[in-house]
Amino acid sequence: MDFKFTEEQERFRQEVRNFLEEELKQGSFQPSCDAWIQGYSPEFTKKVAHRGWIGLTWPKAYGGQGRSNIDRLILTEEMLRCGAPAACHWFADRQIGRSIIAFGTEEQKQELLPRILRGEAYVGLGMSEPEAGSDLASLQTRATADGDDYIIDGQKMWTSCARFMTDIYLVARTDPAAPKQRGISEFVIRANLPGITITPTIDITGSEAWAEVFFDGVRVSKNYLVGEKNRGFYQILNQLDYERAGLERLMGNYPLFDAIVQFARETKRNGRPLAEDTLVRHKLAQLQIEFEVGRLLIYRVVLVMDEGRAPNWEAAMAKVYSTAFEQHLANMAIEILGLYGQLVAGSKWVPVAGMASHSYLASKGYSLQAGTSEILRNIVALRGLGLPES
Ligand SMILES: Cc1cc2nc3c(=O)[nH]c(=O)nc-3n(C[C@H](O)[C@H](O)[C@H](O)COP(=O)(O)OP(=O)(O)OC[C@H]3O[C@@H](n4cnc5c(N)ncnc54)[C@H](O)[C@@H]3O)c2cc1C
């Protein structure tokens, strides 16, 4: 099938493109890899908010634009294409706002949604723990009822937006006696409450994008419990579908792809332009083919969302494929650049601004975060193909 966007959608894409080109021209940011998750720029987020591009799909009653997920896909595609620094608002826009709208109280909607829409709530995702990753239901962080409050004790790890989060999306055990899936609840709380300690994790790339978060007798009002007490796990499953669904899983390193194609055009090796080298041409063509297939898989996920269904196995399938593409891109970039590709940003002879070495190292984590590829293949097998559990 040869589908295309409507004229209105093409106009929107152009509007976003114009905005980003202007920002690039003014030098307000440099394209970088992983900018959706690591690119910290409150100024950029404010500008995006000002244009009404945060909460694009949310109902108008809550300050959103009531637009389609396809429109949001167009917006994010353009942001990712030029590596725009969108980390401050990405998580809140993608999943936390959506979750508050679906499960939150009216009070929570009135308090949190306007802050997200104004680009002032940077929400980190506090789910995983040292002993609870794939098996999230094993989490041990406790939220113990105490009058009108809960007292939170425990530890999270790999919490995103480490250095700058203003709020934490937190999953904690509210009924230790219940079977593990049934005693969990969701909260969104301020990150600066007494008893919270945030210790950034320095990862293999040297970045401090994630953190360990410790909760020591943190008192939060019961008003911050999102949705039904002890039913949090089922809410999370829905939310994870949205976490896996986006183009960021495919295009987080698009600036590297662009730069490598440009490098091949401009660089001569052994007296010949790299772009004329058969092996290099085949590698780049292969990447382009894989990229286009990934794009279609994600478009499909977004169409499922616009039908009003949670994109479950479709999102799992797209994420497995997309993270494999990103790892493939990083590997090929290192191969094409040769030994120089291993240099890091700031080194005298570093090519493509050090994006290749960053992606090579960072891409190892892509097939772990937001669900490992093994777990996601299990979802495709069980729910997509209807295969038995074991
Ligand atoms: C870069 C990065 C960013 C992250 N960001 C966040 C974040 O923002 N917020 C957050 O809460 N968490 C985050 N995480 C944590 C992430 O969700 C977990 O790492 C992931 O769920 C895997 O859990 P684990 O590390 O405990 O590994 P384990 O669950 O212990 O898995 C170890 C290995 O066993 C395999 N395995 C486990 N169970 C099965 C099974 N049933 N069938 C087949 N294979 C299985 C896994 O695929 C994996 O290969 C991040 C992780 C990384 C690396």
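Enumerate the pairs (first residue in segment 125-142 and farther than 16 Å from Arg244 by Cα; second residue anywhere and in a loop (DSSP other than H, G, I, E, B) and near the ligand (Cβ under 6 Å from one of its atoms)) with beta-carbon separation below 8 Å, excluding pairs fewer than 6 apart on the same chain, so at least 6 apart or on different chains.
From residues that are farther than 16 Å from Arg244 by Cα, the pairs are Leu139/Met127.
Can you spot a residue in segment 53-60 that is free of Cβ contacts under 8 Å to residues at least 24 places away in the same chain, in a helix (DSSP H, G or I) and more than 20 Å from Asp241 (Cα to Cα)?
Yes, the conditions are met somewhere in segment 53-60.
Can you pull out the residues in segment 1-27 that are among the aromatic types (Phe, Trp, Tyr) and surrounded by fewer than 10 Cβ atoms within 10 Å (Cβ to Cβ)? Let's see the steps before the verdict.
Just the residues of segment 1-27 that are among the aromatic types (Phe, Trp, Tyr), to begin with: 3, 5, 12, 19.
Within segment 1-27, just Phe3 meets the criteria.
Out of the residues in segment 257-288 that are in a loop (DSSP other than H, G, I, E, B) and at pLDDT 95 or above, state the one that is nearest to Gly338 (Cα to Cα).
Start the filter on segment 257-288 by keeping residues that are in a loop (DSSP other than H, G, I, E, B), which leaves 267, 270-271, 277.
Filter once more, keeping what is at pLDDT 95 or above: 267, 277.
Numbers: Thr267: 12, Asp277: 14 Å.
Filtering first and then ranking leaves Thr267.
Scan segment 187-204 for residues that are in contact with a Lys or Arg (Cβ under 9 Å, 6 or more places away or on another chain), open to solvent by 40 Å² or more (accessible area, probe 1.4 Å) and in a strand (DSSP E or B) and report the count. If you could, list the steps in order and put the result at the bottom.
Looking only at segment 187-204, we keep the residues that are in contact with a Lys or Arg (Cβ under 9 Å, 6 or more places away or on another chain), and these are 193-196, 198, 200, 204.
Now drop any that are not open to solvent by 40 Å² or more (accessible area, probe 1.4 Å), which leaves 193-194, 198, 200, 204.
Add one more test, that the residue is in a strand (DSSP E or B), and what stays is 198, 200.
Summing the residues that are in contact with a Lys or Arg (Cβ under 9 Å, 6 or more places away or on another chain), open to solvent by 40 Å² or more (accessible area, probe 1.4 Å) and in a strand (DSSP E or B) in segment 187-204 gives 2.
Looking at (1) away from the ligand (no atom under 16 Å from the Cβ); (2) open to solvent by less than 30 Å² (accessible area, probe 1.4 Å), which is the one condition that is false for Arg81?
With (1) away from the ligand (no atom under 16 Å from the Cβ); (2) open to solvent by less than 30 Å² (accessible area, probe 1.4 Å) applied to Arg81, the lone miss is (2).
Among the listed residues Asn312, Asn331, which satisfies the condition of being within 22 Å of Ser128 (Cα to Cα) and away from the ligand (no atom under 16 Å from the Cβ)? Talk me through it step by step, then tell me what you get.
Values: Asn331 fails: within 22 Å of Ser128 (Cα to Cα).
Just one listed residue meets the conditions, Asn312.
Taking the condition assigned by TED's automatic domain parsing to the domain that holds Ile101, open to solvent by 10 Å² or more (accessible area, probe 1.4 Å), at pLDDT 95 or above and more than 20 Å from the chain's Cα centre (by Cα), does Ala61 pass?
Working: assigned by TED's automatic domain parsing to the domain that holds Ile101: yes; open to solvent by 10 Å² or more (accessible area, probe 1.4 Å): yes; at pLDDT 95 or above: yes; more than 20 Å from the chain's Cα centre (by Cα): yes.
Yes; evaluated as a whole, the condition is true for this residue.
Filter segment 196-233 for residues that are more than 22 Å from Ala143 (Cβ to Cβ) and more than 11 Å from the ligand (Cβ to nearest atom) and give the result.
Passing the criteria: Pro200, Ile202, Gly206, Glu208.
Would you check which residues across segment 347-390 are open to solvent by 30 Å² or more (accessible area, probe 1.4 Å), of a type in the set (S, T, N, Q) and in contact (Cβ under 8 Å) with a residue 60 or more places away in the chain and list them?
Across segment 347-390, the qualifying residue is only Gln369.
Quick one: is Phe263 over 26 Å from Arg98 (Cα atoms), aromatic (Phe, Trp, Tyr) and either out of contact with any His (no Cβ under 7 Å at 6 or more places or on another chain) or touching a residue at least 60 places away in the same chain (Cβ under 8 Å) (or both)? It would help to see each step written out before you state the result.
Numbers: over 26 Å from Arg98 (Cα atoms): yes; aromatic (Phe, Trp, Tyr): yes; either out of contact with any His (no Cβ under 7 Å at 6 or more places or on another chain) or touching a residue at least 60 places away in the same chain (Cβ under 8 Å) (or both): yes.
When the stated conditions are applied, Phe263 passes them.
Among the residues that make up segment 139-158, is at least one of them within 13 Å of the ligand (Cβ to nearest atom) and at positive phi?
yes
In this structure, does Ser390 turn out to be within 21 Å of Leu136 (Cβ to Cβ) and either at pLDDT 95 or above or within 12 Å of the ligand (Cβ to nearest atom) (or both)? First the steps, then the outcome.
Numbers: within 21 Å of Leu136 (Cβ to Cβ): yes; either at pLDDT 95 or above or within 12 Å of the ligand (Cβ to nearest atom) (or both): yes.
Against the criterion (within 21 Å of Leu136 (Cβ to Cβ) and either at pLDDT 95 or above or within 12 Å of the ligand (Cβ to nearest atom) (or both)), Ser390 qualifies.
Would you please name the residue that is least open to solvent (accessible area, probe 1.4 Å), looking only at residues in segment 159-179 that are more than 10 Å from the ligand (Cβ to nearest atom), small (Gly, Ala, Ser) and in contact (Cβ under 8 Å) with a residue 12 or more places away in the chain?
Ala172
Taking into account only those residues within segment 205-222 that are surrounded by fewer than 17 Cβ atoms within 10 Å (Cβ to Cβ) and at pLDDT below 95, which is farthest from Ser185 (Cα to Cα)?
Gly206
Restricting to segment 226-256, give me the number of residues that are over 23 Å from Ala162 (Cβ atoms), in a strand (DSSP E or B) and open to solvent by less than 20 Å² (accessible area, probe 1.4 Å).
0
The values are calculated or read from the model by the stated rules, or taken from the named source; none is laboratory data. Every value quoted in this text rests on a predicted model; they were computed, and no experiment measured them. No Cβ is skipped: glycine too gets one built from the backbone with ideal geometry, and neighbour counts run over all protein chains shown. Only protein heavy atoms, including side chains, enter the accessible area calculation; ligands, DNA and RNA are left aside. Shrake-Rupley method; radii C 1.70, N 1.55, O 1.52, S 1.80 Å.
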